[in-house]
Amino acid sequence: MSAAPPAAVHDNTAEPVLVVDFGAQYAQLIARRVREARVYSEIVPSTMPVAEMLARNPKAIILSGGPSSVYEEGAPTVDRALFEAGVPVFGMCYGFQLMATTLGGTVDNTGAREYGRTPLHVSKPGSTLFEGTPAEQSVWMSHGDACSAAPEGFTVTASTDVVPVAAFENDEKKLYGVQYHPEVMHSTHGQLVLEHFLYRGAGIEPTWTTGSVIEEQVEAIRKQVGTKRAICGLSGGVDSAVAAALVQKAIGSQLTCVYVDHGLMRKGETEQVEKDFVAATGVQLKVVDAKKRFLDALAGVSDPEEKRKIIGREFIRVFEQAEAEIVAEGSASGEPVEFLVQGTLYPDIVESGGGTGTANIKSHHNVGGLPEDLEFKLVEPLRQLFKDEVRMVGAELGLPDEIVQRQPFPGPGLGIRIVGEVTQERLDLLRDADAIAREELTAAGLDREIWQCPVVLLADVRSVGVQGDGRTYGHPIVLRPVSSEDAMTADWTRMPYEVLARISTRITNEVRDVNRVVLDVTSKPPGTIEWE
Ligand code: XMP
């Protein structure tokens, strides 16, 4: 692979659209929608001084919704200077009301509330925001206060039955606002309205694409790493795979990946990393076969927390050893290993409070969580990306679908899906049952609807069955299909009985020692997704 830097790359991230976060969950969704419009966006806290925002050279600023009322004491405010800097601004919901009050409009605490789907009447159909959208459209509202008069210089472009001013626009100053949430799907033309603001209102070109992300990152990684070497731990998951593939594209053989085979992966997953990932990327991979070591360490242990600790501890030891070997082996160039590649994503950064600056390594409960005393500089090529963007980058880099579209899988692997002691025999049995369930779910087209479906072996439970000519005394397998947005909460997936029936029949027929398949119908909370 050529190490020559590409021709001049336009750096989209140098002039982001800033999404000012006024609380609640809206800012992340808005940032994603802006990126779906192929414009790079970043989230900043509402406490950031305006001068600091402007120092980022934003192409536009979006004020998000939030849970407060502009009349509440201590509710977040915005400095008027934000509207006077000549930067286009779009206020949504709370951001709209702030804009109205700050610029001299009227917002009344009338008690006139609107929640949920609401009809919007567009009074200026050809306006910058509403061009090409119907005069009557459905939008998502959630507010108590209502704007009754727009600030001077603004044109009112939409209303609802309850709110006289539901949208206003000032083309001269490039200031726009809507009372509703254009970012949610229930606002039927929300994405178009947002795009109109970005393209027509702010005059931004849609240039942020997966291809541009790759080019920018490749250049940034080359600049950061120079001629030094880097290592990256592969877990089999999406994030580490895409991070490694990007770094590989940037620095080629200066990168060495490490894959610790702890023997707790599902059927075919280790081969996916060893063969398919290597074939797709050409990455240098050091595989450490630590299966026996993990089994020995887990022998006789049934307590879930104890198992997690052992797996985490052994993982770090094996990784450290591999890393020491790579450092000691050196390379033809004699350059030292100075960098560690991590698959940190944008939500990790936003949620840990740092929109910019250096990330702390997320310790999480991830088995990929590495020892804190490793003296490496971090390379985090995904730290600006959301999960769906990471998948797109992975696909564009030519990674196999099985890796790019993989559902979440816990670092400690099948070790925490065997209720009871982990043994080789039980692992093999669970791997077979899990493979059948996955095969049938994929065949039924349920991989998107289902967030993940842990398959659990109740190794310490036996029940009576009748199979073939005889009575059996086997183990139950639990199916735990869940639907979720972020794994913080989840519901059990109402999946078709026929698919459940096929999985049950196949598992009890094909997997020795299993004579019963049960379905977990518990939401989270109270149940966690994993059984251990
Ligand atoms: P729970 O069981 O807490 O799981 O509802 C929430 C999500 O996290 C995954 N999970 C883990 N992921 N290391 C990981 O990398 C772990 O130790 C771990 N434990 C649970 C789980 O699969 C679900 O997606």
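Only a single criterion out of (1) within 16 Å of the ligand (Cβ to nearest atom); (2) loosely packed, with under 13 Cβ neighbours inside 10 Å is not satisfied by Pro496, namely (1). Here the condition is being touching a Leu at 6+ places or on another chain (Cβ under 9 Å), closer than 28 Å to Ile436 by Cβ and hydrophobic (A, V, I, L, M, F, W, C); of Val260, Val247, it holds for Val260 alone. Residue selection: Gln272 satisfies the criterion of being in a helix (DSSP H, G or I), surrounded by fewer than 23 Cβ atoms within 10 Å (Cβ to Cβ), in contact (Cβ under 8 Å) with a residue 40 or more places away in the chain and more than 16 Å from the ligand (Cβ to nearest atom).
Yes or no, residue by residue, for (1) aliphatic (A, V, I, L, M); (2) assigned to a helix (DSSP H, G or I); (3) surrounded by 22 or more Cβ atoms within 10 Å (Cβ to Cβ):
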| residue | (1), (2), (3) |
| --- | --- |
| Ile214 | yes, yes, no |
| Ala220 | yes, yes, no |
| Val260 | yes, no, yes |
| Val278 | yes, yes, no |
| Glu306 | no, yes, no |
| Ile310 | yes, yes, no |
| Arg317 | no, yes, no |
| Glu320 | no, yes, no |
| Ile326 | yes, yes, no |
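Here Lys249 clears all of (1) under 30 Å from Asp296 (Cβ atoms); (2) in a helix (DSSP H, G or I) except the condition numbered (1). Let me confirm something: among Arg438, Arg480, Arg502, which residue is in contact with a helix residue (DSSP H, G or I) (Cβ under 7 Å, 6 or more places away or on another chain) and closer than 21 Å to Lys267 by Cβ? Only one candidate qualifies: Arg502. Output yes when any residue across the range 380-394 is more than 16 Å from the ligand (Cβ to nearest atom) and part of a strand (DSSP E or B), and no when none is. Within the range 380-394, not a single residue is more than 16 Å from the ligand (Cβ to nearest atom) and part of a strand (DSSP E or B).
Does the range 106-126 include one or more residues that are crowded, with 21+ Cβ neighbours inside 10 Å and not in a strand (DSSP E or B)? No, because not a single residue in the range 106-126 is crowded, with 21+ Cβ neighbours inside 10 Å and not in a strand (DSSP E or B).
Just wondering, is there one or more residues in the range 224-239 that are within 16 Å of the ligand (Cβ to nearest atom), farther than 30 Å from Val89 by Cα, outside any loop (DSSP other than H, G, I, E, B) and hydrophobic (A, V, I, L, M, F, W, C)? Spell out the reasoning first.
Let us first name the residues in the range 224-239 that are within 16 Å of the ligand (Cβ to nearest atom), namely 233-239.
Applying the additional criterion that residues be farther than 30 Å from Val89 by Cα yields 233-239.
Remaining after also requiring outside any loop (DSSP other than H, G, I, E, B): 233-234, 238-239.
Applying the additional criterion that residues be hydrophobic (A, V, I, L, M, F, W, C) yields 234, 238.
Looking through the range 224-239, at least one residue is within 16 Å of the ligand (Cβ to nearest atom), farther than 30 Å from Val89 by Cα, outside any loop (DSSP other than H, G, I, E, B) and hydrophobic (A, V, I, L, M, F, W, C).
Residues to consider are Leu458, Leu430; find the one that is touching a His at 6+ places or on another chain (Cβ under 8 Å) and either within 18 Å of Ile507 (Cβ to Cβ) or away from the ligand (no atom under 15 Å from the Cβ) (or both).
Unique residue meeting the criteria: Leu458.
Whether any residue in the range 151-171 is buried (at least 24 other Cβ atoms within 10 Å of the Cβ) and closer than 30 Å to Lys275 by Cα is what I want to check. Looking for residues that are buried (at least 24 other Cβ atoms within 10 Å of the Cβ) and closer than 30 Å to Lys275 by Cα, one finds none in the range 151-171, hence no. Going by the conditions given, is Glu402 among the acidic types (Asp, Glu) and touching a residue at least 12 places away in the same chain (Cβ under 8 Å)? Yes; evaluated as a whole, the condition is true for this residue.
Of the residues making up the range 519-528, one or more are more than 16 Å from the ligand (Cβ to nearest atom), modelled with pLDDT of 95 or more and not polar (S, T, N, Q). Give me a count of the residues in the range 12-32 that are farther than 19 Å from Tyr94 by Cβ and without any contact (Cβ under 8 Å) to a residue 12 or more places away in the chain. Qualifying residue count for the region: 0. Comparison of Gln342, Gln384, Gln407 shows that the only residue that is surrounded by fewer than 17 Cβ atoms within 10 Å (Cβ to Cβ) and modelled with pLDDT of 80 or more is Gln407. Taking the range 433-532 and the strands (runs of 3 or more DSSP E) fully enclosed by it, no element has 2 or more residues that are in contact with a Cys (Cβ under 9 Å, 6 or more places away or on another chain) and either hydroxyl-bearing (Ser, Thr, Tyr) or more than 22 Å from Gly411 (Cβ to Cβ) (or both).
The residue that is farthest from the ligand (Cβ to nearest atom), among those in the range 470-493 that are among the hydrophobic types (A, V, I, L, M, F, W, C) and over 24 Å from the mean Cα position of the chain (by Cα), is Ile477.
The values are calculated or read from the model by the stated rules, or taken from the named source; none is laboratory data. The structure displayed is predicted, hence computed values, not measured ones. Cβ sites come from the backbone with ideal geometry, for glycine too, and all protein chains shown count toward neighbours.
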